[in-house]
1. Round to the nearest 0.05 the FRET efficiency obtained for LEU61 and ALA387 when R0 = 41 Å and r is the Cβ-Cβ distance.
2. Cα-Cα pairs above 18 Å in the range 21-100: how many percent?
3. Please give the charge dipole size of the range 240-386, origin at the Cα centre, charges +1 on K and R Cβ atoms and -1 on D and E Cβ atoms. Round to the nearest 20 debye.
4. Select from THR299, PRO20, ALA31 the residue farthest towards the positive end of the dipole of the chain; place +1 on Cβ of Lys and Arg, -1 on Cβ of Asp and Glu, and compute about the Cα centre.
5. Anything over 20 Å Cα to Cα? Flag those among LYS55/LYS94; LYS139/LYS179; LYS117/LYS189, in the order listed.
6. Considering the options SER165, VAL382, GLY129, tell which one lies farthest towards the positive end of the dipole of the chain, charges being +1 on Lys and Arg and -1 on Asp and Glu at the Cβ, about the Cα centre.
7. Given R₀ = 30 Å, what would the calculated FRET efficiency be for PHE157 paired with SER105, taking r from the Cβ atoms and rounding to 0.05?
8. Taking the chain as the reference, fit the longest principal axis to its C-alpha atoms, fit the long axis of helix 354-364 to the helix C-alpha atoms, and give the angle between the two in degrees, 0 to 90, nearest 10.
Amino acid sequence: MKVHEYQARALLAEAGVPVPKSLVATTVDEAVSAFHDIGGKCVVKAQVFAGGRGKAGFVKLCDTADQVREAATFMLSNRMVSPQTGAEGIEVKKLLIADAVDIESEYYVAVVMDRAKRTPVVMVSREGGVEIEVVAKEKPDAIIKRWLHPHLGMIDFQCAQLIASLGFTEKEQKKAATKVLRGLVNVFKNYDCALAEINPLVRTTDGQILAIDAKMNFDDNAIFRHKRLQEMFDPAEENAMELRAKEHNLSYIPLDGNIGCLVNGAGLAMATMDLIKLHGGEPANFLDVGGSVTAEEATEAFRIVLSDSKVKGVLVNIFGGIAKCDTIAEALITAAKEIGFNIPVVVRLEGTNVDRARELLKEAAIPQLITADDLTDAAKKVCAKVA
Ligand code: GDP
Ligand code: MN
């Protein structure tokens, strides 16, 4: 799960990280009134689940109410396109109006789970700002890392080393930077983050250390134990199809290709995608209906796959164990009646009640439905149909 910058800032502030004053607005008028409440120069920032806002024109420094009006109007009426969004971009529904700061230097600080070392790693860099990905690629030495002991957390000397590597030598600044790092590490640990990042952390011209952008990802499997995060969940920002799938106990992941896959079991779904690729096709999604799928859930799965306009053909691959082939056949028939298949649907069923399933499908005589003998046959047929 992701949260917006304003929510991440709130978590940081509660953990003792110094953050400039800010307000959230959902309309142009609210943005202007937030500007007056803050008083003086401010920065208008689109609240979306993607970075690269600065370069896309969705972070704007404003000196006057008219400038705020103009920036807010632009951001709320244009979709933001950045290297992180895809060509279609994302709609901006909320803005953050933050007290602007005069920046002397920008730093990067983050805590992320290092899967290979199986422990969190703190990363800092003096080359913070909008291009940390470029720094990571071209100058990896400019990113200093310290791995945390899973139980002891960040030990004082590690914190001191990280702060020294950022070039903070003056006592007050070291104190402030310690607060930032400790606060960030605590947020990471206390909220089961996968990533907690401040980019940039800035030193202002008057010597303050402040977090002016924050990004956080949380482990979905831990959300149940954080009421605070549940309250922050914003369904409007999630992929509508993924949400719909979740409500029906289906796991659905959209991909870039044009062959919809409807499979039971994650392992079988992977094998199905491999075979599609082997025969020259590209999967449009990963849809796992699970082991004990009901007819309604399976029908919903068809609705989800068929509602994606990218999908030019569907491969249904079911190995009936707990999930019965006839249940899937019934769902296919219902879906065909309800939505109608205007694209080829290749079906491979095997396992429990497969004979009954074949009879049902034969009786129903669904146009566009193609049966396959085995998985290779199914993959070849669907790839040939969409080619
Ligand atoms: P991102 O592009 O989505 O990561 O958005 P950020 O919030 O990081 O803003 C991008 C850049 O805008 C920062 O790296 C700063 O250089 C600049 N910026 C953001 N807030 C302020 C501010 O209050 N004052 C000044 N001078 N620049 C800012
Ligand atoms: Mn940033």
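Please treat every number below as a calculation from the coordinates, not as lab data. Since the model is a prediction, treat every value here as computed from it, not as a measurement. Note that each Cβ is placed from the backbone with ideal geometry, even for glycine, and that neighbours are counted across all protein chains shown.
1. About 0.20, to the nearest 0.05.
2. Numbers: 973 of 3160 pairs.
Of all Cα-Cα pairs in the range 21-100, 31 percent lie more than 18 Å apart.
3. On the way: 15 positive and 20 negative charges, 72 e Å.
Around 340 debye, computed over the range 240-386.
4. Farthest towards the positive end: PRO20.
5. Going by Cα-Cα distance, LYS139/LYS179 fall outside the 20 Å limit.
6. The listed residue farthest towards the positive side: SER165.
7. 0.80
8. Compared with the principal axis, the helix lies near 80 degrees.
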